[in-house]
Amino acid sequence: MKTLENLYRQIIMDHYKNPKNKGLVDDPKYHTVHIKNPSCGDDITIQTNVTDHHVTGVRHEGSGCSICCSSASVLSTIMIGKTVEDAIYMTDHYLKMVANQPYDETIEFEDAIAYQGVRQFPARIKCASIAWQAFKQSIKGKE
Amino acid sequence: MFENVKDDFPVLINNPLIYLDTAASSLTPKTVIDKMNEYYMHYPVNVHRGVYELSHRATQMYEHARTVIAKYINASFDEVIFTRGATSALNLVALSYGMDYLNAGDEIIVSELEHHSQLLPWQNVAIKKKCRLVYVPLDDEGRITVDNFLSVLTSKTKVVALTYVSNVMGYITPLKPIIDAAHKVGAIVSVDAAQAAPHLPIDVRDLNADFLAFSGHKMFGPTGIGVLYGSRHLLAKMTPIELGGDMNDNVEKDHAVWKDAPYKFEAGTPPIAEALGLCEAVQYIKKLDITAIANHEKALAKYTINALKKIPGITLYNPTTETGIIAFNIDGVHPHDAVTAFDQDHIALRAGHHCAQLVIKWLKVPATLRASFYVYNTFDECDQFVQSVIKARDFFLSVGF
Ligand SMILES: Cc1ncc(COP(=O)(O)O)c(C=O)c1O
């Protein structure tokens, strides 16, 4: 059912209130991507470090709604340790999942599965997507 | 007041929608839709071109729309230019008058209340022509006052570009004394009336504005049409910014001669159905009576503000608004989160910076919620809206905001 409770899951609120890996680093090894959604004011910066084809660091900073800010934190916790290929694959399917398109349901999304509820709220797909889009750009820029 | 008015709006029939986003776009009454259909059904041909009967009819209807709108704002026929909307109209003023008549060192007065469509064209002129962009200091409530305006008016002021009604705060700018003072130093005044035309009687002669712009879609009209009023003597000396068909009298290999205003500013095929639609929208406003409309919205806003004031956890940014616009937030809740809760209750309102980032920065918030009222809103809807605010606040508190 389309209820607010389906959108504002506990995991999302936990990351919103106590974000992980928050704050940017001044380290040239990190690749930085900044995405702004001017229509709603969401503003997210993602930094990624890749070593030996593995994501070894993700940092984020920004302002926006709870869905946007929490998703940056969630993604940072999931991605560290993944191979670049897995990270990109998961990002592509996460973006499909929140946009209510067919996606690979066998993926272990960990905490990011909480954003499944977003697909019932088309107006919020952007909020759940921009941190992940920035992440994808940052990791591609790093390769 | 306006008991059966909802029946005039097809989108409201058998729809639980509570529409509180008129400041973005108003809903469209059936008469306006019918008028545009009439054009496409019965004389869907170009204007000013064909010498056949049908084209004559389309041209007559298009020019009739201009006559009705000119009369409505107390302008002359040739002072009413049809544009794509307020944005195009305001850009026309800056790109033509601003670029041709401003020089380095001249001052342009704007305010932090301006919509980007009024601010950015003049910011651009200021950069390109090396003029100084001067901001009227807003008072404690975020208003433009006559005294604050006078404090920045100088002999170097050449243009005053201000909004008539703020699209975020709903305040009415005291334009008459401002325009009088601006004229005394030889400045011209360009008024953004996008939020005024739907809610206030507009009299360009009484106001003595040099330019005044508004959009159809905020005043029951269609999208894609707006009006620029320009005083005749200024339009006469201005050059068009778009060149093309219809706007010229004579074309030679190395030069061309423009038509007189308003036609020299209407290059290409205009939005014909939309002009007829806007004309019909003006007739609809006249039927309902603009003063009655304004009083109705003000009453709804006042009633809602009084109720919201009693709710802990709500911040109101413009409790003294004189129009139907309320800017507020639920404390600790980003407006985009809040708006989803209202959407669940079929209440449409706006969250964001409303294309007026400077006033949002002035308020020192990331964004605001905005509720705006029009004739189709009722006191009962205000009650439902207030209940929805309380429900939303409680929900977000409960999940840990
Ligand atoms: C005060 C104000 N000025 C200008 C505009 C621009 O109008 P439009 O988008 O129709 O060109 C708007 C509407 O968004 C507005 O509220």
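Taking every alpha-carbon pair under 8 Å whose residues sit at least 6 apart, the stretch B:309-398 reaches a relative contact order of 30 percent. Considering only A:SER73, A:SER129, A:SER63, the mean-square fluctuation computed in a Gaussian network model of chain A, springs between alpha carbons under 10 angstrom, is largest for A:SER63.
Each stretch of four or more DSSP H residues adds -39500 (n - 2.57); spread over every residue of the protein assembly as shown, this sum gives -12000 deg cm²/dmol at 222 nm.
Each of A:GLN10 and B:VAL365 was given a label point 7 Å from its Cα along the Cα-to-Cβ line. The distance between the two points is 3.2 nm. Report the antiparallel proportion of the DSSP beta bridges in the protein assembly as shown as a percent, rounded to a multiple of 5. Of all bridge pairs located within the protein assembly as shown, approximately 65 percent are antiparallel.
Please check chain B for the longest run free of GluC sites (Glu not before Pro) that are loop-located per DSSP (anything but H, G, I, E, B) and have at most 15 other Cβ atoms within 10 Å.
B:253-401
The angle between the Cα long axis of helix A:125-142 and the main principal axis of chain A comes to about 20°, on a 0 to 90 degree scale. Evaluated with a Cβ-only charge set (Lys, Arg +1; Asp, Glu -1), the stretch B:338-387 carries a dipole of roughly 480 debye about its Cα centre, given to the nearest 20.
Helix A:84-98 and the longest principal axis of the C-alpha atoms of chain A enclose an angle of approximately 20°. Could you tell me which helices of chain B pass both thresholds, a Cα extent of 18 Å or more along their own axis and a mean Kyte-Doolittle hydropathy of at least 0.5, with helices taken as whole DSSP H runs? For chain B, where a helix must reach 18 Å along its axis and average at least 0.5, the hits are B:272-288. Between B:LEU278, B:ALA367, B:GLN387, the Cα set farthest toward the positive side of the dipole of the protein assembly as shown (charges on each charged residue's Cβ, about the Cα centre) is that of B:ALA367.
Below 8 Å, C-alpha to C-alpha, sequence gap of six or more: please give me the relative contact order for the stretch B:31-287 in percent. The value is 25 percent.
Dipole of the stretch A:5-143 computed with +1 at Lys/Arg Cβ and -1 at Asp/Glu Cβ about the Cα centre; of A:HIS34, A:GLN137, A:ALA114, farthest Cα towards the positive end is A:HIS34. Rounded to the nearest 20, the size of the Cβ-charge dipole of the stretch A:2-140 about its Cα centre is 420 debye, with Lys and Arg at +1 and Asp and Glu at -1.
Taking the DSSP beta bridges with both ends in chain B, the antiparallel portion is around 55 percent. Taking a threshold of 20 Å on the Cα-Cα distance, which of the pairs A:LYS2/B:LYS310; A:LYS29/A:LYS96; B:LYS158/B:LYS237; B:LYS6/B:LYS218 fall above it? With Cα atoms farther than 20 Å apart: A:LYS2/B:LYS310; A:LYS29/A:LYS96. Placing unit charges on each Cβ (+1 for Lys and Arg, -1 for Asp and Glu) gives the stretch B:290-398 a dipole about its Cα centre, and among B:HIS353, B:VAL339, B:ILE293 the Cα reaching farthest toward its positive end belongs to B:HIS353. Distance from the Cα centroid of the stretch B:192-253 to that of the stretch A:54-121 is 49 Å (rounded to whole angstrom). When only the Cβ of Lys, Arg, Asp and Glu is charged (+1, +1, -1, -1), the dipole of the protein assembly as shown relative to its Cα centre reaches about 660 debye.
Between A:GLU105 and B:LEU17, the modelled labels are 3.4 nm apart [label points 7 Å from Cα along Cα→Cβ]. Contact order for the stretch A:1-59, expressed relative to its length and based on alpha carbon pairs under 8 Å spaced 6+ residues apart, stands at 26 percent. Amide H contacts of B:ILE188: B:VAL159, B:VAL160, each under 5 Å away and 5 or more positions distant or on a separate chain (H built 1.01 Å from N in the peptide plane; Pro and chain starts excluded).
Readers should treat all values here as calculations from the given coordinates under stated rules, not as data from a laboratory. For clarity, every value in this text was computed on a predicted model and none was experimentally measured. Cβ atoms come from the backbone with ideal geometry, glycine included; neighbour counts cover every protein chain shown.
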